[in-house]
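The values are calculated or read from the model by the stated rules, or taken from the named source; none is laboratory data. Quantities reported herein were computed from a predicted structural model and do not represent experimental measurements. Cβ coordinates were reconstructed from backbone atoms using ideal geometry, including for glycine residues, and neighbour counts include every protein chain displayed. Protein only, heavy atoms only, side chains kept; ligands, DNA and RNA dropped before computing areas. Shrake-Rupley method; radii C 1.70, N 1.55, O 1.52, S 1.80 Å.
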Amino acid sequence: MNLDRATIEKLAEHLENCELEAQDTLKITEEYPDMDFEDAYAIQDEIRARKIARGHAIVGLKAGLTSHAKMKQMGVTEPVFGFMADYYSVPEGGEVKVSELIHPKVEPEIAFVTKRALKGPGCHIGAVLAATDFLMPGIEVIDSRYRDFKFDLKSVVADNTSAARFVVGGKPVSPAEVDLRTVGVVLEKNGEPVALGAGAAVLGHPAAAIAALANNLGRRGMEIPAGTLILSGGVTEAVAVAPGDHITLRVQGMGSTSLRFV
Ligand code: 0L1
Ligand code: MG
């Protein structure tokens with residue numbers, strides 16, 4: 001680690017305030033070019049601790065930047081991991097207030113819910129499928145706190161991987177009922193398909209994103225507990241949204257889930 005505790009706390013407070021006040025900021029590596037990934041996850045962990053201290057619960061985890069489309073869109077090469085706080089959760093068909101966000105975009109994802117804990121190192125697709133209770137369609141609303149979504153991997157990890165809101169719904173299915181590589185995904189904006197893809201866009205198999213998360217947490221002495229909801233990452237590039245937009249995600253064999261931007 002290259003940053004001291006006081007700097008980690010200062011940056012966590014700054015980034016969390018940007019989230020809560022819907023204010024953008026320059027990427028933090030501009031001022032702290034020497035920060036490393038340990039520092040970045042320590043800042044994210046501090047943001048999480050601040051939310052818990054204010055009485056919020058952590059209701060899920062996420063993998064991000066897991067598809068080639070997304071990596072290309074953002075000019076990066078590795079996945080990142082974050083968490084979802086209770087107030088990020090939007091009810092099925094519910095509203096997201098754009099005024100509470102900076103420049104939201106939506107991503108079509110496959111959500112996993114675990115029935116057993118997963119711990120790295122060495123976690124693999126087989127272990128993930130054996131530990132998965134069910135799968136559901138999930139829409140992630142991302143909202144980078146960085147101006148114009150201009151960031152690098154360390155800055156984005158510190159910013160809790162742009163996590164902002166999410167909805168899950170549709171029909172829960174067991175992993176044995178679906179081929180997660182070929183499962184088709186259609187994202188609709190105001191009734192028109194705007195992004196489509198298949199599960200394999202996510203690291204070749206969406207369960208690989210969950211294994212990568214378990215391995216990342218394992219390196220930091222943590223695990224994915226049983227009963228955890230995890231968003232496995234956008235199948236396509238992210239789609240910008242504005243007030244009035246209605247977004248629906250359809251996943252083959254899993255029904256649909258939706259939300260509205262007001
Ligand atoms: O969930 C994601 O793939 C987003 C990761 C962070 C990068 C971004 O804001 O696009
Ligand atoms: Mg995502």
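Carbon and sulfur: what percent of segment 58-261's accessible surface (1.4 Å probe)? Summing carbon and sulfur atoms, their accessible area is 54 percent of the total for segment 58-261.
Local charge for residue 120 was computed over the other residues whose Cβ lies under 15 Å away, with Lys and Arg +1 and Asp and Glu -1, and equals +3.
Separation of segment 202-262 and segment 42-60, taken as the distance between their Cα centroids, equals 19 angstrom. Take segment 58-261 with all the other protein chains still there, run a 1.4 Å probe, and you get 36 Å² of accessible area per residue.
For segment 221-232, backbone phi angles converted through the Karplus equation (6.51, -1.76, 1.60; θ = phi - 60°) give residue-by-residue couplings of x, 10, 9, 8, x, 4, x, 8, 8, 9, 8, 8 Hz, Gly and Pro being listed as x. Can you give me the Kirkwood hydrodynamic radius for the chain, using every pair of distinct Cα atoms, in Å to one decimal? Evaluated over the chain, this radius sits at 18.2 Å.
For residue 171, the residues 5 or more places off, or on other chains, whose built amide H falls under 5 Å of its own are 255, 256. Proximity of backbone amide H atoms, modeled 1.01 Å from N, is registered between residue 59 and 84, 85, 86 at under 5 Å, excluding neighbours fewer than 5 places apart on the same chain. Let's test the formula: R0 of 35 Å, r as the Cβ-Cβ distance of residue 17 and residue 182. What FRET efficiency results, to the nearest 0.05? Efficiency computed from Cβ-Cβ geometry: 0.20. Taken about its Cα centre, segment 131-249 carries a charge dipole of about 360 debye when Lys and Arg each add +1 at the Cβ and Asp and Glu each add -1 at the Cβ. Here the simple spin-label model places points 7 Å from the Cα toward Cβ, and for residue 124 and residue 38 these points are separated by 3.0 nm.
Adding -39500 (n - 2.57) for every DSSP H run of four residues or longer, then dividing by how many residues the chain holds, sets the calculated 222 nm ellipticity at -8000 deg cm²/dmol.
Once a ≥ b ≥ c are taken as the square roots of the eigenvalues of the Cα gyration tensor of segment 139-262, is the result rounded (a/c under 1.5), prolate (a/b larger than b/c) or oblate (a/b not larger than b/c)? Note, shape of segment 139-262 comes out oblate. Net charge near residue 192, counting Lys/Arg +1 and Asp/Glu -1 over other residues with Cβ under 14 Å of its Cβ? Taking every Cβ under 14 Å from that of residue 192, the sum is 0. Taking a ≥ b ≥ c as the square roots of the Cα gyration tensor eigenvalues, segment 195-262 comes out prolate, since a/c reaches at least 1.5 and a/b is larger than b/c. Based on Cα contacts under 8 Å between residues 6+ apart, the chain shows a relative contact order of 28 percent. Whole-Hz Karplus values for segment 8-22 come out as 4, 5, 5, 5, 5, 4, 4, 5, 5, 4, 4, 4, 5, 9, 6 Hz, taken residue by residue from phi with 6.51 cos²θ - 1.76 cosθ + 1.60 and θ = phi - 60°; glycine and proline positions read x. Summing charges over all other residues whose Cβ lies under 15 Å from the Cβ of residue 50, with Lys and Arg as +1 and Asp and Glu as -1, gives -3. Restricting the trypsin sites (Lys or Arg not before Pro) of segment 63-103 to loop positions (DSSP other than H, G, I, E, B) with no more than 16 neighbouring Cβ atoms within 10 Å leaves 97. GNM on the chain, alpha-carbon springs under 10 angstrom: the most fluctuating residue among 206, 121, 79 is 121. For segment 185-250, a crude dipole built from +1 on the beta carbon of Lys and Arg and -1 on the beta carbon of Asp and Glu, taken about the Cα centre, is about 260 debye to the nearest 20. In order along segment 252-262, the Karplus-derived 3J(HN,Hα) couplings, from 6.51 cos²θ - 1.76 cosθ + 1.60 at θ = phi - 60°, round to 3, x, 10, x, 9, 9, 8, 7, 10, 9, 10 Hz, and Gly and Pro are given as x. Residues within the reach of a label modelled at residue 56 (point 7 angstrom out along Cα to beta-carbon, backbone nitrogen below 11 Å), restricted to segment 67-106, are 83-89. In this simple spin-label model, placing a label point 7 Å from the Cα along the Cα-to-Cβ direction at both residue 89 and residue 117 gives a separation of 2.2 nm.
DSSP beta bridges fully contained in segment 58-261 are about 90 percent antiparallel. Residue separation of residue 71 and residue 240 scaled by 0.36 nm, minus their Cα-Cα distance, works out to 59.2 nm of gained length.
With a simple spin-label model that places each label point 7 Å from the Cα along the Cα-to-Cβ direction, the separation between residue 226 and residue 190 comes to 4.7 nm. Just check segment 1-116 against the gyration tensor rule for me: Cα atoms, a ≥ b ≥ c as the square roots of the eigenvalues, rounded for a/c under 1.5, and otherwise prolate or oblate depending on whether a/b exceeds b/c. Rounded.
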